[in-house]
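Asker: Structure provided below as structure tokens; questions to follow.
The values are calculated or read from the model by the stated rules, or taken from the named source; none is laboratory data. Because the structure is predicted, anything quoted here is derived from the model rather than measured. All Cβ positions, glycine included, derive from the backbone under ideal geometry; neighbour counts span all protein chains shown. Side chains are part of the model used for accessible areas, which takes the heavy atoms of the whole protein and leaves out ligands, DNA and RNA. Shrake-Rupley method; radii C 1.70, N 1.55, O 1.52, S 1.80 Å.
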Amino acid sequence: MLKILRVYHYIHICFFSLHFSISAQFAWTLAAHYGYNVGLLDVDICGPSVPRMTGVNRSSVRRGPDGRWIPVYAHPNLSVMSIGFLTPGEDDAVVWRGPRKDGMIKQFFSEVDWSGEGENLDYLIVDTPPGTSDEHLSIVNHLVKGRGVDGAIIVTTSEEVSMADVRKELNFCKKVGMDVIGVVENMASMTLGFGDVAFHKAPVIITPMDADPLSPTKDVAPILGGRVEGSKSFSFDADEQRVVCDGAGEECTEEVISLIRRKCPELLTDYLIRTDVFRMKKKNDGKNSAPPTPQDMASKFGVPYLGAINLDRNLLECCDEGKPLVEAYPHSPGVTGLMRLVDRVLEACPPIDEDEEDYENELERVR
């Protein structure tokens, strides 16, 4: 069995597609906002991104007096370990097979001094790559069958391609005996002001059923039912066999904003635009049925749904620059979902009193 330093909670975060931001911001929030001692372990051996998202991508680890690695500190309460600290450069590829990956992950668990200046970790967040591959099996071998993991947080978006992979991960957790803390929906919707978007002219298209392809000079005004404006002209697309409005797609942001200021200025100050980026539309099957959502999937598998986090440009900026969203942009659209996620995980994995007896009881529970 591995000799692992005392850590009160191990949380395994599985992510798919573009969800790498969740683990870093989750750890940032626990450490910078709530003040817990947090370790963030990046076991994505071939694609380490945690160093950049915590702002320590130019750092390197060193060995302590006892020979163990000392993690890099992104914050007094946030220590980070990743293979990204061990490669010569940020863009260098790591081309390893399974056994070598497993050996490195074993070292991360057993040869990293997470205790810092004598403080035990309250939470160790393990960030994994997509899928159910070598890295996930290593976590099972070294933690689930040893020290124990509080559970997995599984991140998805609402389109079927992402949820299909997530269902495999949920079944993987079931097979290996790993609890699932819950499913979180990332990039659920996007909220912007009118001043934050660009406007483009919409195309007005006449299909071949409406226009005569043999008469490209045909007057199209009757076909458009009076929608022709004096400033618009039309042309015949011989390749596509259709008539289109010239200038379609051209940006007209200043024109639209000026029109809004004249006609309805309150739109610029009192209202926001919200769109569900990945949410699928209702099926046109006569039943007006909507495709299953991440919440439906969580219910089907009998695991908690931890809520949704909005697609937020400030969150993306914070990941690029390695800073906590909740501190840098406390009123940003993504903060509400992120704080809700952290609060629900704290409810499922509450902080443990440092009393020795309490710790031993908790250790026995997770075993």
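Asker: Of the residues in the range 323-349, how many are free of Cβ contacts under 8 Å to residues at least 60 places away in the same chain and in a loop (DSSP other than H, G, I, E, B)?
Answerer: 4
Asker: Could we say that Ile139 is surrounded by 15 or more Cβ atoms within 10 Å (Cβ to Cβ) and in a helix (DSSP H, G or I) here?
Answerer: For Ile139, the condition - surrounded by 15 or more Cβ atoms within 10 Å (Cβ to Cβ) and in a helix (DSSP H, G or I) - is met.
Asker: Restricting attention to the range 30-52, which residues are under 19 Å from Leu121 (Cβ atoms) and either crowded, with 23+ Cβ neighbours inside 10 Å or of a type in the set (Gly, Ala, Ser) (or both)?
Answerer: Hits for the range 30-52 are Leu30, Ala31, Ala32, Gly35, Val38, Gly39, Leu40, Leu41, Asp42, Val43, Val50, Pro51.
Asker: Separate question: Can you pull out every residue in the range 292-326 that is surrounded by 15 or more Cβ atoms within 10 Å (Cβ to Cβ) and acidic (Asp, Glu)?
Answerer: Residue satisfying the conditions is Asp312 alone.
Asker: How do the pairs read when you match residues in the range 301-321 that are on the phi > 0 side of the Ramachandran plot with residues anywhere that are of a type outside the set (A, V, I, L, M, F, W, C), using Cβ under 6 Å and keeping only pairs 6 or more apart or on different chains?
Answerer: Every condition considered, the pairs that remain are Gly307/Gly337; Gly307/Arg340.
Asker: Which residues, taken from the range 250-274, are open to solvent by less than 60 Å² (accessible area, probe 1.4 Å) and assigned to a helix (DSSP H, G or I)?
Answerer: Thr253, Val256, Ile257, Ser258, Ile260, Leu267, Leu268
Asker: Moving on. What is the residue count in the range 53-82 for residues that are of a type in the set (Gly, Ala, Ser), open to solvent by less than 20 Å² (accessible area, probe 1.4 Å) and either closer than 14 Å to Lys323 by Cβ or assigned to a loop (DSSP other than H, G, I, E, B) (or both)?
Answerer: So the answer is 1.
Asker: Right, next: Restricting to the range 105-143, name every residue that is under 25 Å from Val155 (Cα atoms) and among the aliphatic types (A, V, I, L, M).
Answerer: Ile105, Leu121, Leu124, Ile125, Val126, Leu137, Ile139, Val140, Leu143
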